[in-house]
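The values are calculated or read from the model by the stated rules, or taken from the named source; none is laboratory data. On a predicted model such as this, the values are computed, not experimentally measured, just so you know. The protein model used for the area step is the full one, side chains on, heavy atoms only, and it has no ligands, DNA or RNA in it. Shrake-Rupley method; radii C 1.70, N 1.55, O 1.52, S 1.80 Å.
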Amino acid sequence: MKRKRTNKLSCERARAFPIERALAKLGHFPTKSTEKEAWFLSPFRPEAQASFKVSKELNRWYDHGAGKGGNVIDLVCLITKCSVREVLRIIAEHQISFSFQQQPIFEKEEKDTKIEIIAVKELAHPALKSYLKSRNIEPRTALKYIREVHYRFNEKNYFAIGLKNDSGGWELRNKYMKNSSSPKDVTHIKKDYTKLIVTEGMFDLLSILESNEKLGTEYDFFVLNSTAFFQKAKNIIEGYSSIELYLDNDRTGKRITQKLIGHSEYCKDRSTLYEDFKDMNEWLMGSTIDLIGQGIQDVFLLPQKRSCFAPDGRKIKRK
């Protein structure tokens with residue numbers, strides 16, 4: 001008898017996913033790596049010397065500083081603050097781009113897989129300003145929230161607009177690349193207002209402010225930076241009397257919206273404002289509506305091509 005197929009992901013299958021790759025998708029990269037093991041700065045606390053070990057042969061992790069360890073499910077649960085059921089759903093829906101293709105036990109590591117931040121400055125580069133304008137965002141709108149970030153990756157230098165997260169990492173975007181530096185986390189922009197706007201990415205935030213700059217003087221902002229972190233939103237929204245949700249018009253965005261609405265009676269779904277579009281930035285780029293005087297309060301992020309900027313703004317051709 002043939003076994004009936006199911007869309008649900010089993011714990012056994014999820015545990016087979018390489019821990020090192022899961023950490024990379026969550027913004028954590030090794031400081032040292034060999035064929036048998038990799039060492040990381042702990043994803044749970046600040047530290048100067050790596051104490052977090054991953055055994056590639058056993059696909060298990062151990063945090064020497066905390067004296068605990070486990071499998072990939074345990075780890076993702078701890079980092080994202082999600083339940084086991086939710087972590088399995090996240091993996092199954094490829095929310096952090098998991099892949100279950102079989103990998104060799106001894107896999108050669110790429111050099112310099114960790115992003116090194118070289119400089120952070122006020123937005124000035126013409127190529128980055130042009131990129132913002134191509135997304136219908138005026139640079140003056142973005143100046144208060146983003147920076148020009150220069151960084152090194154795979155022995156090459158790049159630059160991008162950057163949104164800093166609550167753990168000191170950066171969400172990095174330019175015309176050709178979507179990336180992030182370690183550690184990966186949410187961004188909570190606190191101005192002590194009683195109202196909060198929740199978005200998925202930096203271009204949600206920037207599109208909202210481009211639509212109505214007055215919102216920046218009335219609302220705090222919470223940017224998930226990854227839907228894997230939506231559990232953190234539950235704690236953040238507790239202190240607000242009004243929460244506006246501007247998440248993607250896709251299955252995951254709608255599911256998270258409903259979970260947050262179920263968690264707090266003060267949450268309101270604003271995605272109907274861009275219901276014919278994937279997100280608010282797509283709406284902002286494609287809409288012919290005159291925004292002046294509209295008082296529109298909501299927005300979201302358009303997927304980007306993966307490539308890179310050279311330091312002088314040239315596009316790097318792939319070999």
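Every Cα-Cα pair in segment 28-77 was counted, and those over 18 Å apart are 20% of them.
Under the classification rounded if a/c is under 1.5, otherwise prolate if a/b is larger than b/c and oblate if not, where does segment 123-230 fall, given a ≥ b ≥ c as square roots of the Cα gyration tensor eigenvalues? In terms of gyration-tensor shape, oblate. Here segment 5-81 exposes an accessible surface that is 48 percent carbon and sulfur, computed with a 1.4 Å probe and the other protein chains kept in place. Convex hull of alpha carbon positions in segment 175-244: directionally averaged projected area 5.3 nm². Pairs from the list Lys133/Lys178; Lys164/Lys195; Lys133/Lys232; Lys68/Lys259 with a Cα-Cα gap above 24 Å: Lys133/Lys232; Lys68/Lys259. Of Thr252, Thr194, the order by accessible heavy-atom surface (1.4 Å probe, DNA, RNA and ligands excluded), from most exposed downward, is Thr194, Thr252.
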